[in-house]
Amino acid sequence: MTSKRIKQIVTCAIFAALICVTTMFVSVPVPAPFAGNVNLGDAIIIIASFLLGPLFGAIAGGVGAALADLFSAYAIYAPATFFIKAALAVVCYYVFKAMLSLTKNSIVSRIIAVICAELTMVLGYFIYEIFLLGFPTALADIPFNLIQGAFGAVIGTVITVLLLKNKTISKFVSSLENDKKDTEE
C-alpha cells in the first residue's frame, strides 16, 4: 500500500471519528415544538465531502454517523444512517462539482450542494421511517430533520470556506486530490 493511500485512509478515519464524536456529544438544543437537539455530525460530513471527495467523504460520513447511532440509543437507525449519510457526502460532492462548472462561483456552488445533500438526508430518513415507524411519524419528523440539515449545512459550509482559506489546509487538500488522481490511474 502506498503512502498516498495510507494518508487518504488515515484522514478518512480521523473524519469518521470526528463525525461520531460530534454527532454524539456536540449538540445544540432546539426549542419547542421540535424539542430535541441538533448535532454537528452533518457539518463534519459536509466538510469531509468537500475535502476528501466522494469516496472517502462517504466512507467517513457513513461509518462515523452509523457508529454514533450504535453507541447511543439509536442503533435501529444505524444501517439506514450508514447509507443516508454516505449519500449525503456523495450528493454534496457531485452537486458542488456540477454547479462549479456551471457557475464558476465556489460559494454559490457549495450552498446549492449542501442544500441538495441535506434534502437527500431528509428524504432518506423519511423513507426509512415510513417503514420503521409509519407514515404519520415519518411525516412529523420532517421539520426536525430539516432543522438538523439546515444547521449542518450552514456550519459545514462556513467551516469549509474558512478551512480552505488556510494555506496549510488548502495545500493538504490539494495533495489529497492529487493522490486521488494517482490512485485512480
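Would you work out if the stretch 1-142 is rounded, prolate or oblate? Take a ≥ b ≥ c from the square roots of the eigenvalues of the alpha-carbon gyration tensor; rounded if a/c is under 1.5, else prolate when a/b is larger than b/c, oblate otherwise. Since a/c reaches 1.5 but b/c is at least a/b, the shape of the stretch 1-142 is classed as oblate. For the peptides 11-21, 54-64, 102-112, 153-163, the ranking by mean Cβ contacts within 10 Å, running from highest to lowest, is 54-64, 11-21, 153-163, 102-112. Amide H contacts of Val30 (H built 1.01 Å from N, in plane; Pro and chain starts excluded): Gly36, Asn37, Val38 sit under 5 Å, all sequence-distant by 5 or more or on other chains.
Derived scalar couplings between HN and Hα for the stretch 161-170 equal 4, 5, 4, 6, 7, 7, 4, 5, 5, 4 Hz in order, rounded to whole Hz, by the Karplus curve 6.51 cos²θ - 1.76 cosθ + 1.60 (θ = phi - 60°), x for Gly and Pro. Among the listed pairs Lys85/Lys165; Lys104/Lys171; Lys85/Lys167; Lys85/Lys171; Lys104/Lys167, those with a Cα-Cα distance over 24 Å are Lys85/Lys165; Lys85/Lys167; Lys85/Lys171. Principal axis extents of the C-alpha atoms in the stretch 59-138 (largest first, rounded to whole Å): 42, 28, 14.
Bear in mind these aren't lab numbers, they're just calculated from the coordinates by the rules spelled out. Everything numeric in this text was worked out from a predicted model, so none of it was measured. A quick note on method: Cβ atoms are made from the backbone with ideal geometry, for glycine too, and the neighbour counts reach across all protein chains shown.
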